1. Looking at B:L205, B:L231, B:L220, which one is part of a helix (DSSP H, G or I) and on the phi < 0 side of the Ramachandran plot?
2. Would you please name the residue that is nearest to B:R140 (Cα to Cα), looking only at residues in the stretch A:36-61 that are out of contact with any Leu (no Cβ under 9 Å at 6 or more places or on another chain) and either touching a residue at least 40 places away in the same chain (Cβ under 8 Å) or surrounded by fewer than 20 Cβ atoms within 10 Å (Cβ to Cβ) (or both)?
3. With the condition kept exactly as written, say whether any residue in the stretch A:277-291 is on the phi > 0 side of the Ramachandran plot, without any contact (Cβ under 8 Å) to a residue 12 or more places away in the chain and more than 18 Å from the chain's Cα centre (by Cα).
4. Suppose we filter B:V109, B:V151, B:V157 for residues that are within 11 Å of chain A (Cβ to nearest Cβ), surrounded by fewer than 23 Cβ atoms within 10 Å (Cβ to Cβ) and part of a loop (DSSP other than H, G, I, E, B); which single one remains?
5. Of these, B:A62, B:A81, B:A122, which one is among the hydrophobic types (A, V, I, L, M, F, W, C), more than 28 Å from B:K191 (Cβ to Cβ) and out of contact with any strand residue (DSSP E or B) (no Cβ under 8 Å at 6 or more places or on another chain)?
6. Provide a single number: the residues in the stretch A:211-247 that are in contact with a strand residue (DSSP E or B) (Cβ under 8 Å, 6 or more places away or on another chain) and in a helix (DSSP H, G or I).
7. Can we say B:F130 is surrounded by fewer than 19 Cβ atoms within 10 Å (Cβ to Cβ) and of a type outside the set (D, E, K, R)?
8. Pull up the stretch A:164-173, narrow it to residues that are within 11 Å of chain B (Cβ to nearest Cβ) and buried (at least 16 other Cβ atoms within 10 Å of the Cβ), then point me to the one that is modelled with the lowest pLDDT.
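The values are calculated or read from the model by the stated rules, or taken from the named source; none is laboratory data. Here the structure is a predicted model, which is why all the values come from computation and not from measurement. Using ideal geometry, Cβ is built from the backbone for each residue, glycine included, and neighbour counts are taken over all protein chains shown.
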Amino acid sequence: MTGAEQLAADLLAKMQAAGAQPIAAQVLQPAETLLDLYGEDIRARAYVTQDPRLGEMMLRPDFTVPVVQAHMKGGAEPARYCYSGLVFRKQEGARAREYLQVGYELFAREDPARADAEVFALFSQLLEGRGLRAVTGDIGILKAAVEGLETSPARKSALMRHIWRPRRFRALLERMGGQGPLAEARAALVARLRAGETVDAPQIGLRSREEIAERVARLIADADTPPIPAAQVHALEQLLALKGPVPLALAELRAQDWAALAPALDRLEARLEALEAAGIDTATLPFEASFGRTNMEYYDGFVFGFIAPGRDLPPVATGGRYDALTAVLGQGRAIPAVGGVIRPEVLEALGCG
Amino acid sequence: MRLKLGVPSKGRLMEQTFDWFGARGVSLRRTGASREYAGAVEGVKGVDLVLLSASEIPRELAAGRIHLGVTGSDLVREHLADWAREVVELAPMGFGHADLIVAVPKAWVDVETLDDLDAVAAAFRARHGFRLRIATKYHRLLRDYLRAHGVADYQLVDSQGATEGTVKNLTAEAIADITSTGETLTANHLKILRDAPVHRSQATLFAARGAEWGDAREALAALSARLGVALPDGF
């Protein structure tokens with residue numbers, strides 16, 4: 001057994017001792033499910049192969065999807081699962097293409113703050129003494145801020161769709177504030193559409209004339225919607241840049257007196273209390289509002305990571321809440337879920353195996 | 001060791017490559033029977049000509065089986081992951097110009113930019129239950145481009161030829177392909193998005209970082225002096 005495998009076995013045993021039931025997943029996963037979730041970008045990150053009967057398959061890029069699927073097929077509630085095994089990711093340069101992940105996933109309907117705290121506290125305890133820096137964030141606060149903008153539901157849902165793509169999000173926000181090149185291009189397009197400009201071209205393809213007409217109507221309606229007020233765009237950008245110890249971040253967010261954030265901030269506060277109760281020193285626990293916006297696309301609430309400071313290494317552990325993912329994979333059923341993974345090879349590379 | 005120079009084995013790309021070298025005092029020509037892929041180099045010592053399909057030249061460069069190669073900059077970017085680690089661009093050659101572009105039906109009066117395409121992709125998926133299909137053979141270039149621009153809810157479908165016909169044939173909603181004049185697009189009722197193209201391609205002289213250079217460095221120095229091409233650090 002290699003050092004990393006030994007570490008993985010120890011971590012898995014501790015997760016079992018914490019009440020989790022071991023669960024297995026196939027290495028070959030149907031590509032379609034993963035493509036529908038992550039989009040075409042996953043092809044640049046996961047290995048795709050072909051099965052003559054089953055079609056496109058992927059070497060599992062993570063365990064979360066198969067574990068959620070297994071649970072949705074009839075797991076008891078609440079449920080705690082743990083697993084250990086290889087995942088496969090395409091990389092640039094010399095980084096590992098296949099590596100171990102040891103994970104813990106908690107499915108529970110009651111008391112989400114306590115569930116968040118349970119997972120974070122367990123990871124914190126498993127990784128104690130390794131000199132790691134913990135980071136936390138909350139995608140739920142970003143979603144609440146978008147939901148609270150004074151603008152149309154169509155714009156909010158366009159922004160919501162791109163929360164996990166920071167550059168695109170910023171460009172959209174700028175356009176919706178009436179600024180920048182996208183706003184100019186949009187204004188010119190709407191002017192042409194309003195003038196009733198027609199084109200001499202047959203309708204080809206699956207997208208129907210009706211669909212085109214609907215979007216033309218939406219574009220014109222959107223042009224009549226006032227820009228998102230500059231003060232709100234600014235407040236949202238400030239929010240995205242917020243970093244600091246959790247209690248200070250919470251106080252700062254409360255001080256903004258942004259009514260739409262209140263329920264999300266209540267959840268953050270409840271989590272803070274639950275973390276304290278679980279023995280975490282929250283006074284110095286870092287909070288970064290934008291943490292988890294890249295590479296963690298399915299997380300939609302609490303997010304966390306454990307990082308080796310000053311080392312050019314991937315995060316030792318990452319995790320978070322992914323309530324929406326269970327709804328997507330559950331075909332109508334959903335259950336709140338939170339979990340995370342540890343990478344034993346990275347732990348080993350730290351030289352404290 | 002002799003320096004191996006890979007050039008396209010047929011067509012206009014071969015002729016223009018020969019002209020480009022010829023204008024700089026290096027004569028390249030095919031030898032033997034007209035169907036035999038053999039060639040000769042005159043005007044500089046120690047260089048062998050290797051005639052190859054333009055689409056194989058990127059791979060041969062990456063493998064280090066040829067030292068220098070002439071091919072489209074689009075093919076190098078498409079076929080080599082992390083291409084800048086594998087090869088160096090010695091000289092853009094000023095011919096073989098073509099843009100890799102994204103095109104949609106001309107009837108889509110509501111779509112002019114990637115910003116529009118992204119919005120349409122979201123609505124299309126909601127209505128049709130699958131991701132908007134873009135037909136192309138340039139998977140890597142296109143995926144990187146769409147990711148950089150934050151386009152979501154699309155899928156790439158492979159099309160190795162007659163790509164402009166896929167929309168009419170209902171196998172794709174949009175396409176990404178190489179175009180120089182745009183005539184085929186127009187004839188197929190498609191229009192190009194207004195954004196900068198995915199890539200502006202032209203024939204380019206590349207050097208392989210991973211080839212075994214040895215004595216071939218002398219030939220490279222002589223050849224580059226003759227061609228008036230500056231060598232980057234490390235060569």
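1. That would be B:L220, the only listed residue that is part of a helix (DSSP H, G or I) and on the phi < 0 side of the Ramachandran plot.
2. A:A44
3. Taking every residue of the stretch A:277-291 in turn, none turns out to be on the phi > 0 side of the Ramachandran plot, without any contact (Cβ under 8 Å) to a residue 12 or more places away in the chain and more than 18 Å from the chain's Cα centre (by Cα).
4. Testing whether each residue is within 11 Å of chain A (Cβ to nearest Cβ), surrounded by fewer than 23 Cβ atoms within 10 Å (Cβ to Cβ) and part of a loop (DSSP other than H, G, I, E, B) leaves just B:V109.
5. On inspection, the qualifying residue turns out to be B:A81.
6. 1
7. When the stated conditions are applied, B:F130 passes them.
8. Filtering first and then ranking leaves A:W164.
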